[in-house]
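The values are calculated or read from the model by the stated rules, or taken from the named source; none is laboratory data. Just so we're clear, the structure is a prediction, and the values are computed from it rather than from any experiment. All Cβ positions, even for glycine, are placed from backbone atoms using ideal geometry, and neighbour counts span all protein chains on display.
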Amino acid sequence: MVKDSFIILVLIGVAFILANLFAGFTGNIDLSAVANHYAENGPEEVGSANLVTAVVVTYRGLDTLGEVTILFLSAAIVGFFLKVENKDHKNRELKYTSEILNTASQILVPIMLLFGAYVFINGHLSPGGGFQGGAIIASGLVLMFLAQPKKAIGHKLINIVESISGVSFVLLGVAGILFASGFLDNKILSLGRFGTLFSAGLIPIIYIFVGLKVGSELTGIGLSLRENQDEA
Amino acid sequence: MLNIILAIFLGILILVLAVMAVQNKNIVVSIIAAGAVSLFASVLYLLLAAPDVAMTEAAIGSGLSTIIFFYVLNKIKRQDG
Amino acid sequence: MIEKFNLENISLAVGVLVILIGLWGLLTQKNLIKIVIGFALFDTGIHIVMVSIGYIKERTAPILDEAIDVTNASNIIVDPIPQALVLTAIVIGLGITALMLSYVLRMYHKKKSLEINHYKDLKW
């Protein structure tokens, strides 16, 4: 009885705060001052057509570094909690997966991997970027592991790809400090013609590393949750 | 005008699915309802002129998150008997 | 009252209600997996609220290709900053959900029960 009334009290308190937010919100008419600066000076300073990419990689690059760190930490903790013990790795009976899944995955998986790579390479021209491309690649690889468990990519290769991408991302940021004006600055390479593939300086290369890192991390989380067949 | 009608329709659908995700006794139905909430929220992001966020929410919220829930459910059922 | 029916008010109300439903499910459910689903719904609600605050009426997405002219950009696009923050937050939400599910697996392996009433080790 006390617990129920406490729960109702918490919910009414949170609802009151959120209702104040809702009542005090009148729609925006104009961009705020910071967004105005990004919209007007974005194409000259950064050179990318996708403004959200410009904000995530260049203007707020330090937040992306924090996010990459948190993702790495969570993938490491999941892998640590669910250690793979290879005692009877050989005589694990693998059920034969159905015919539809096998055939469909043979057609779908290469298309998904190619589409994921396209999304993060063209991150600065159309909607997309490293996080979306990484999630699509992870979905494709998880489908491949579901359909044909014998052709698994080992855990070691995924860890190596993830670590190299993470270190390269940080090294590119530090190179921004050494050669240009700040962390993750993208004026090291030239800012090309606005709207073509080889434009926006270092942003495609940074996003390629972010996409590989996010993709291999999410695949690693899926593998850890799947492979722990026997318990201590 | 069409946008507003579509937004009201999506909003009602999201709320009904969210209540179903919390209240239903079957765990499989709850997991699928949570994935469907993410899917319709991704369409709502497209109405709010945010295509990057829509792509991310569709790929991660209703793709990878549902897969992870089903992996864990499978392991628990396998340990059961 | 009828002029309050524009797009950002509707999606703000939807987001606030999804936050409340997620919080309610988090506090009252007994099954461990349903508690994790409550967390995931809570996250989705917060993201809807954040994106709908940045919307400006009858403007388009912040991508400058040939369809809009670049020099007039600050009068045509919506705010790109909340979208960049929500992009990061969605990926971090997935990491947190995966971490909570691995905790659930370990707890189940210890005591073979999915009810939260059976875990009384920290009560005094």
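Couple of notes before you dig in:
- Residue that is farthest from residue C:89 (Cα to Cα), among those in region A:21-71 that are acidic (Asp, Glu) and assigned to a helix (DSSP H, G or I): A:44
- Of all residues in region A:86-100, one or more are modelled with pLDDT under 80, assigned to a loop (DSSP other than H, G, I, E, B), more than 7 Å from chain C (Cβ to nearest Cβ) and touching an Asp or Glu at 6+ places or on another chain (Cβ under 7 Å).
Residue by residue, here is whether (1) facing chain C (nearest Cβ under 7 Å); (2) hydrophobic (A, V, I, L, M, F, W, C); (3) in a helix (DSSP H, G or I) holds:
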{"residue": "B:12", "(1), (2), (3)": "no, yes, yes"}
{"residue": "B:21", "(1), (2), (3)": "yes, yes, yes"}
{"residue": "B:30", "(1), (2), (3)": "yes, no, yes"}
{"residue": "B:42", "(1), (2), (3)": "no, no, yes"}
{"residue": "B:45", "(1), (2), (3)": "yes, no, yes"}
{"residue": "B:49", "(1), (2), (3)": "yes, yes, no"}
{"residue": "B:56", "(1), (2), (3)": "yes, no, yes"}
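- A single member of C:21, C:96, C:33 is modelled with pLDDT of 90 or more, touching a Gly at 6+ places or on another chain (Cβ under 9 Å) and part of a helix (DSSP H, G or I), and it is C:21.
- Only one entry in A:177, A:137, A:153, A:206 is more than 29 Å from residue C:61 (Cβ to Cβ) and either out of contact with any helix residue (DSSP H, G or I) (no Cβ under 8 Å at 6 or more places or on another chain) or part of a helix (DSSP H, G or I) (or both), namely A:177.
- Close Cβ contacts (under 7 Å, 6 or more residues apart or on different chains) running from residues in region C:9-29 that are touching a residue at least 24 places away in the same chain (Cβ under 8 Å) to residues that are assigned to a helix (DSSP H, G or I) and of a type in the set (Phe, Trp, Tyr) comprise C:12/A:22; C:16/A:22; C:19/C:42.
- Hits in region C:46-91 - residues which are out of contact with any helix residue (DSSP H, G or I) (no Cβ under 8 Å at 6 or more places or on another chain) and either facing chain A (nearest Cβ under 7 Å) or not in a loop (DSSP other than H, G, I, E, B) (or both): C:56, C:60, C:65, C:71, C:72, C:75
- Members of region C:92-124 that are away from chain A (no Cβ under 12 Å) and out of contact with any His (no Cβ under 8 Å at 6 or more places or on another chain): C:113, C:114, C:115, C:116, C:118, C:119, C:120, C:121, C:122, C:123, C:124
- Given (1) more than 14 Å from the chain's Cα centre (by Cα); (2) within 30 Å of residue A:215 (Cβ to Cβ), number of the condition residue C:52 does not satisfy: (1)
- Filter result for residue A:119 (within 11 Å of chain B (Cβ to nearest Cβ) and either touching a Pro at 6+ places or on another chain (Cβ under 9 Å) or under 22 Å from residue A:72 (Cα atoms) (or both)): yes
- Cβ-Cβ under 9 Å pairs, at least 6 apart or on other chains, region C:104-119 side charged (D, E, K, R), far side in a strand (DSSP E or B): C:115/C:31
- Test for residue A:131: is it among the aromatic types (Phe, Trp, Tyr), modelled with pLDDT under 85 and either on the phi < 0 side of the Ramachandran plot or surrounded by fewer than 22 Cβ atoms within 10 Å (Cβ to Cβ) (or both): no
- Some residue of region B:55-74 being in contact with a Ser or Thr (Cβ under 6 Å, 6 or more places away or on another chain), buried (at least 23 other Cβ atoms within 10 Å of the Cβ), farther than 22 Å from residue C:105 by Cβ and charged (D, E, K, R): yes
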